[in-house]
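The structure under discussion appears below in the form of C-alpha cells.
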Amino acid sequence: MLYETNNPPRLPVKSEKFMTAILLQGREIADEIKREVRDEITRLSEENGIRPGLTAVRVGEDPASSVYVGNKVKTSHELGIASEHVHLDADTTHGELLQIVQKLNARDDVDGILVQLPLPRHIDEAAILEAIDPAKDVDGFHPVNVGRLHQGVRSLVPCTPAGVIEILKRSDIDIAGKHAVVVGRSNIVGKPMAALLLRENATVTICHSRTADLPSITRQADILVAAIGRAGFVRGEHIREGAVVIDVGINSVSDRAFAAELFSEADLPKRLAAIENRGATLVGDVNPKEAIEKAAYFTPVPGGVGLLTVAMLMKNTVDAAKTRRKI
Ligand code: GUN
C-alpha cells in the first residue's frame, strides 16, 4: 500500500466487511508512556535534583492485589521512582492504617500514596481514601480529585480509565462526537471512565446491572467499554458491527467448557494449557471469540488495557511530584 507521507497510519482502517477486529495491543503504548516518564524522571533529577517517590500500601493476602502491587513497585524501580511497599497484616485495624496514611502524608520524600483495594471488610475504605492527601493521591480516588475530574479541572485521574483514553488517542481513534457506552459504574473504572470520555467530547451512556435491555443500548456504541467484572459477559449481540470494544475486565476462568465458548480454535489450545498448568486463564469482561467477529478494534486480555494501568500510575506519580514541588 502507498501512503502520501512517509508515516503510514498507525492503524490500518477496517474497511472490508468480514475482516476480524484489529487488536489494540497495550504493550507498545505502555512502553511508549514509560519511556516518556523515564525521560521526565531523568530531567527532574538533572535539573531539579529530585527523585519522585511512591509508596504502595497493601493489607492482607489477596493474591490478585499481591501481583498488582508487585508489578507497580517493580515498574517504579525500573523507571527510577523511589518506591516502597508497605505490606500489613490482614488484622491491621482501621486506626493503624489511618496512622500510616497520615505519616505518609507528612513525609516530603513521598509524592504518591496508593492504598491497594479491596481492603479487608473491617476497614472503612472510603474514610481511608479520604485521609490521603489529594496532592499525593496517585489513584485519583480522593473526593477532591473525583470532583475536579467532573468539573473538568486538572487533577490526578484514576489510572485504568486514563489508560483507556491513551490507548484510543495513541491509536488515532476519534472520541469527540462518538457515542461511548460504558458498562459498569464502579468508582475505580466505570464512573471516571465516563467522566474522561465526556471530557473528550464523547456522548456518554453508563449502563449497569439494572439497565433494561442492555444489548439494545450497547449496540448503539461507537466505543464500548466493558468494566463489569464478569468473564465474557459482553457477547456478539451487544456489539455493533465495526465498533471499538475496550475490555477492562481481568477475570480468572478455570472451566474448560466455558473457555471453549470464549476462545477461537486458534487460541483455545494455549488457554486450555494455562488451565492445565496454572489452574486458570485470564479472561476479560468481553467474549473475545464473538467480539473479534463484530468489532473493528478490540483490546485483548491479557495484553490490552491492563498494561496501561501501571504506566499511568507512573505518570501520575511524576505529575504529583512536579505539582506538589511546584515544578
Ligand atoms: N484495585 C483494583 N484496581 C485498583 C487500582 O487501580 N488502584 C488501587 N489502589 N486498587 C485497585
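Determine the distance separating the Cα centre of the stretch 261-281 from the Cα centre of the stretch 92-111; give it in Å without decimals.
Spelled out, the Cα-based centre of one part sits 42 Å from the other.
Once label points are set 7 Å from the Cα along Cα→Cβ at both Asp108 and Glu276, what is their separation, rounded to one decimal in nm?
5.9 nm
Note down, for the stretch 144-215, the three equivalent ellipsoid semi-axes (square root of 5 times each alpha carbon gyration tensor eigenvalue), biggest first, whole angstrom.
19, 16, 11
Which of rounded, prolate or oblate describes the chain when judged by the alpha-carbon gyration tensor and an a/c cut-off of 1.5?
Verdict is prolate for the chain.
Tell me whether the stretch 196-327 comes out rounded, prolate or oblate; compute the Cα gyration tensor, take square roots of the eigenvalues as a ≥ b ≥ c, and use a/c under 1.5 as the rounded threshold.
Numbers: a/c = 2.37, a/b = 1.29, b/c = 1.83.
Taking the square roots of the gyration eigenvalues as a ≥ b ≥ c, the stretch 196-327 is oblate.
Put +1 on the Cβ of every Lys and Arg and -1 on every Asp and Glu Cβ in the chain; which of Thr218, Ile128, Ile33 then has its Cα farthest towards the positive end of the dipole?
The residue sitting most towards the positive pole is Thr218.
Quick one: if the Förster radius is 25 Å, what FRET efficiency do Thr42 and Glu96 give, using the C-beta to C-beta distance and rounding to 0.05?
With a Förster radius of 25 Å, E is 0.10.
Along the positive direction of the dipole of the stretch 18-129 (beta-carbon charges: Lys, Arg +1; Asp, Glu -1; about the Cα centre), which of Leu24, Val57, Ala106 reaches farthest?
Leu24
So if we plug the beta-carbon distance of Ala266 and Arg35 into 1/(1 + (r/R0)^6) with R0 = 22 Å, what FRET efficiency do we get, rounded to 0.05?
0.10
Please work out the FRET efficiency for the pair Gln220 and Arg51, using the Cβ-Cβ distance as r and a Förster radius of 45 Å; give the result to the nearest 0.05. Please report the intermediate quantities before stating the final value.
Numbers: r = 48 Å, r/R0 = 1.06.
About 0.40, to the nearest 0.05.
How would you order 183-194, 280-291, 255-266 from highest to lowest mean count of nearby Cβ atoms within 10 Å?
Peptide ranking by packing, descending: 280-291, 183-194, 255-266.
Specify the angular offset, from 0 to 90 degrees and rounded to the nearest 10, of the alpha carbon long axis of helix 190-199 from the longest principal axis of the alpha carbons in the chain.
Roughly 80 degrees, rounded to the nearest 10.
Run the quick spin-label model on Leu88 and Lys326: label points 7 Å from Cα toward the beta carbon, then report their separation in nm to one decimal.
The two pseudo-label positions are separated by 3.2 nm.
Given charges of +1 on the Cβ of Lys and Arg and -1 on the Cβ of Asp and Glu, with all other atoms neutral, how large is the dipole of the chain about its Cα centre, in debye to the nearest 20?
Dipole magnitude for the chain comes out near 420 debye.
At a 1.4 Å probe, what is the % contribution of carbon and sulfur to the accessible area of the stretch 237-297?
51 percent
The values are calculated or read from the model by the stated rules, or taken from the named source; none is laboratory data. Here the structure is a predicted model, which is why all the values come from computation and not from measurement. Note that we place each Cβ from the backbone using ideal geometry, even for glycine, and neighbour counts take in every protein chain shown. We work out accessible area using only protein heavy atoms, side chains counted, and drop any ligands, DNA or RNA first. Shrake-Rupley method; radii C 1.70, N 1.55, O 1.52, S 1.80 Å.
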